[in-house]
């Protein structure tokens, strides 16, 4: 069904594996559209309570496949048609999303990782704001997410200098939740995803929605937003289960509803 | 009164609720649905048990538009004879307040239905638009008129010409939508708003609606004459006496709608 990615679901976790390993998983039009389509499926699938995006082979994603860029290419239209819907879909995806960055994440590949909720990095992974090195500016949400993660000054430095950021550096900058040793990679990524998939999914979705709103809201609006969010969360099965488990002094079993 | 095939209705706390109910076709409005909505509203307009009305879809969609299949084979003469939009004129004559509670798509004829209501409560993910232009036609039930009155000529033209969808946020910022709330809570918020209005003096609510509607269609002078008549008329009501007496006595008024 998909050609440039693999999409599988198991144990409440959906996996999108970028699958052009010989091209370091560079984006093509087909890959952008397939990722967006897979995101829609994962969103609709009630069994899915966590999503992992990772790369097959050595790289996570090397960004746009420059082989397809010609002199008369309208870069803005490429973004509007292919990348922006993918980034918007991720931004509105109300389940936890992990970028399991297995190798280099360059250019729009880095943007993809930034648009996820968690970035867990292999010790071999790296980020490169490669756009400047071909005379372009970061896109696909990169200029939105990066300053919010690392601060304005550091965002400017990374995007203008275009130098490689190692996994450890990325962690120090706040770009990574954790760095994982190579021999434990598969196992730890799975465990991280499984843990998220057992949490109250609806509440996580609401946290994502309203944290994002906080970026352009004042305190009064956020207090009101929190009231809305809590009203919604307060009606979930998982909240009832959480309270019940607390009273019975046992571990809650959340259903994601 | 026709049987309700395309809508579900119920009343609670003085609020009459109409739920569009053709989920298999994303609640596409056909002529029967408009007739059923109108008949329900006209009935409730004369029913003391109902103070405020709500029109809503389901959690996924308000309605995706008019039933295209139904009109695909129509011609100018058959439409002129059918005169289906006369029912939309009568919708505008309903005296009691009507709130549209909108989740998801609210397009074409459905957007016109929402604009025919008095207030719109929308979900954050609601989308409004007039895609008629993409089918080689245009809105026919007030879309070009009501949208223009609300957001102004230049903006309305752009949306009507391009047939693109506006977000709830944009609709809110441009005077089309009253409130934007979380998708899960749209109906609840609409009910809260309806209950609040239902507690107000019913005659005031109706006379205010009538005067505001006049102000949209008439010159300032004429509308103000009209407002004044309604103002004088309310002084013939028991509720005016009760409202002012309660104010002086520093207590809550008990309104009866008389």
Item to complete: Return only the number of the condition from (1) free of Cβ contacts under 8 Å to residues at least 40 places away in the same chain; (2) outside the structural domain of residue B:51 (by TED's automatic domain parsing); (3) buried (at least 17 other Cβ atoms within 10 Å of the Cβ) that residue B:206 does not satisfy.
Response: (1)
Practice prompt. Please list, ordered by first then second residue, the pairs with beta carbon atoms under 6 Å, 6 or more apart or interchain, first in segment A:236-256 and closer than 22 Å to residue B:184 by Cα, second at pLDDT 95 or above and outside any loop (DSSP other than H, G, I, E, B).
Written response: A:236/A:202; A:239/A:233; A:254/A:238; A:255/A:237; A:256/A:201
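Quick test for you: out of A:228, A:210, pick the one residue that is over 14 Å from residue A:257 (Cα atoms), within 13 Å of chain B (Cβ to nearest Cβ) and touching a strand residue (DSSP E or B) at 6+ places or on another chain (Cβ under 9 Å). Break it down into steps so the answer makes sense when it comes.
Details: A:210 fails: touching a strand residue (DSSP E or B) at 6+ places or on another chain (Cβ under 9 Å).
Sole residue among the options that is over 14 Å from residue A:257 (Cα atoms), within 13 Å of chain B (Cβ to nearest Cβ) and touching a strand residue (DSSP E or B) at 6+ places or on another chain (Cβ under 9 Å): A:228.
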Worksheet entry | Complete set of residues in segment A:1-45 that are in a loop (DSSP other than H, G, I, E, B), without any contact (Cβ under 8 Å) to a residue 60 or more places away in the chain and loosely packed, with under 15 Cβ neighbours inside 10 Å | A:1, A:3, A:45
Worksheet entry | Residue list for segment B:155-190, filter: touching a residue at least 40 places away in the same chain (Cβ under 8 Å), more than 22 Å from residue A:223 (Cβ to Cβ) and within 14 Å of chain A (Cβ to nearest Cβ) | B:165, B:167, B:187
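I need the full set of residues from segment A:118-138 which are more than 15 Å from the chain's Cα centre (by Cα) and either surrounded by fewer than 21 Cβ atoms within 10 Å (Cβ to Cβ) or part of a strand (DSSP E or B) (or both), in order please. Write out each step before concluding.
Keep residues of segment A:118-138 that are more than 15 Å from the chain's Cα centre (by Cα), which gives A:122-126, A:128-138.
Passing the criteria: A:122, A:123, A:124, A:126, A:128, A:132, A:133, A:134, A:135, A:136, A:137.
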Practice prompt. Using the structure shown, decide if residue B:222 is within 18 Å of residue B:112 (Cα to Cα), free of Cβ contacts under 8 Å to residues at least 12 places away in the same chain, more than 14 Å from chain A (Cβ to nearest Cβ) and assigned to a helix (DSSP H, G or I).
Written response: no
Discussion item. For the list (1) surrounded by fewer than 17 Cβ atoms within 10 Å (Cβ to Cβ); (2) in a loop (DSSP other than H, G, I, E, B), I need the number of the one condition that residue B:212 fails.
Written reply: (2)
Worksheet item: Which residues, taken from segment A:74-117, are assigned to a loop (DSSP other than H, G, I, E, B) and within 18 Å of residue A:186 (Cα to Cα)?
Response: A:102, A:103
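The values are calculated or read from the model by the stated rules, or taken from the named source; none is laboratory data. Everything quoted here is computed from the prediction, not taken from an experiment. Heads up, the Cβs are rebuilt from the backbone with ideal geometry, glycines too, and the neighbour counts pull from every protein chain shown.
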